[in-house]
Amino acid sequence: MKHVKSENGVILTKPFLDVCKLIMPVLDKFGAAMSIVKSDIGGNITRLETKYNSDPSKFEHLHSMVQAEVEAKTAKGSSSCTNGLLWLTRAMDYLVELFRNLLEHQDWIMSQVCTDSYNKTLKKWHGWLASSSFTVAMKLAPDRKKFMDIISGSGDINADMEKFCTTFSPLLSENHKFLASVGLDDLKAS
């Protein structure tokens with residue numbers, strides 16, 4: 001993840017999206033419980049990648065897409081890259097919190113890990129329908145031990161999760177600060 005920022009400390013679009021993509025296979029291991037989250041993340045990555053690919057030099061820096069939409073007064077549209085970055089960042093906040101809960105609460109069952117993470121990150125941005133759907137989906141969360149065994153592979157899964165949380169979380173905070181600076185970090189689900 002050290003390559004996600006340029007030499008002058010700016011988040012780069014492609015490396016940031018590539019890190020987000022690395023999480024997708026982990027979401028597959030959750031099965032149906034994370035299908036909505038995976039679909040949402042995938043759609044937002046695609047939206048941002050499409051914009052990036054339209055002019056890679058212009059959109060090399062992640063926040064340049066938002067800046068262009070703010071200037072064009074299209075940032076608040078539901079299909080904007082600004083909206084895509086906002087919801088991608090929120091979804092990644094949820095996953096960082098989920099990994100933290102897995103590390104810090106070894107005694108919690110998976111549905112508890114997921115629900116607590118949701119309550120701390122996404123719930124305040126969701127309306128009743130999305131929140132209810134999420135509650136139902138969490139009942140489909142896999143058994144914690146089976147899930148941890150599946151994602152562990154041959155490495156140290158706890159060290160990997162810890163590293164992901166500590167290195168990726170500051171990037172997400174930076175996205176939130178930037179979105180707030182242009183008045184766009186408080187949009188709710190429509």
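Residue by residue, here is whether (1) closer than 15 Å to V37 by Cβ; (2) of a type outside the set (F, W, Y); (3) over 17 Å from the mean Cα position of the chain (by Cα) holds:
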{"position": "I109", "(1), (2), (3)": "no, yes, yes"}
{"position": "T121", "(1), (2), (3)": "yes, yes, no"}
{"position": "H126", "(1), (2), (3)": "yes, yes, no"}
{"position": "I151", "(1), (2), (3)": "no, yes, yes"}
{"position": "H176", "(1), (2), (3)": "no, yes, no"}
{"position": "V182", "(1), (2), (3)": "no, yes, yes"}
### Query
With K58, K76 as the choices, which residue is open to solvent by 80 Å² or more (accessible area, probe 1.4 Å) and closer than 13 Å to L187 by Cα?
K76
### Summary
Considering the stretch 1-27, residues that are of a type outside the set (K, R) and open to solvent by 60 Å² or more (accessible area, probe 1.4 Å), and then whichever is farthest from K146 (Cα to Cα), we arrive at N8
### Task
Tell me, yes or no, whether the stretch 34-45 has at least one residue that is open to solvent by 30 Å² or more (accessible area, probe 1.4 Å) and closer than 21 Å to L184 by Cβ.
yes
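Among residues belonging to the stretch 141-187 that are among the polar types (S, T, N, Q) and either assigned to a loop (DSSP other than H, G, I, E, B) or within 21 Å of C20 (Cβ to Cβ) (or both), point out the one that is most open to solvent (accessible area, probe 1.4 Å).
To start, the set of residues in the stretch 141-187 that are among the polar types (S, T, N, Q) comprises 152, 154, 158, 166-167, 169, 173, 175, 181.
Now drop any that are not either assigned to a loop (DSSP other than H, G, I, E, B) or within 21 Å of C20 (Cβ to Cβ) (or both), which leaves 154, 166-167, 169, 173, 175.
On the way: S154: 127, T166: 80, T167: 57, S169: 27, S173: 51, N175: 0 Å².
Among those residues, the one meeting the criterion is S154.
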### Message
For the stretch 112-150, give me each residue that is among the aliphatic types (A, V, I, L, M), at pLDDT below 85 and closer than 17 Å to N101 by Cβ.
### Response
A137, M138, A141
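Using the structure shown, decide if F30 is surrounded by 14 or more Cβ atoms within 10 Å (Cβ to Cβ) and in contact with a Leu (Cβ under 6 Å, 6 or more places away or on another chain). It would help to see each step written out before you state the result.
Working: surrounded by 14 or more Cβ atoms within 10 Å (Cβ to Cβ): yes; in contact with a Leu (Cβ under 6 Å, 6 or more places away or on another chain): no.
No; evaluated as a whole, the condition is false for this residue.
Confirm whether L187 is modelled with pLDDT of 95 or more, in contact with a Ser or Thr (Cβ under 9 Å, 6 or more places away or on another chain) and hydrophobic (A, V, I, L, M, F, W, C). Don't jump to the end; show me each part of the working.
Values: modelled with pLDDT of 95 or more: no; in contact with a Ser or Thr (Cβ under 9 Å, 6 or more places away or on another chain): yes; hydrophobic (A, V, I, L, M, F, W, C): yes.
Answer is no for this residue.
Can you pull out every residue in the stretch 158-189 that is on the phi < 0 side of the Ramachandran plot and small (G, A, S)? Give the derivation first.
Of the stretch 158-189, the ones on the phi < 0 side of the Ramachandran plot are 158-182, 184-189.
Hits for the stretch 158-189 are A159, S169, S173, A180, S181, A189.
The values are calculated or read from the model by the stated rules, or taken from the named source; none is laboratory data. This structure is a prediction, so every number in the text was calculated from the model and none was measured. Glycine also receives a Cβ, built like all others from the backbone with ideal geometry; neighbour counts cover every protein chain displayed. Just so you know, the surface numbers come from the protein's heavy atoms only, side chains and all, with ligands and any DNA or RNA stripped out. Shrake-Rupley method; radii C 1.70, N 1.55, O 1.52, S 1.80 Å.
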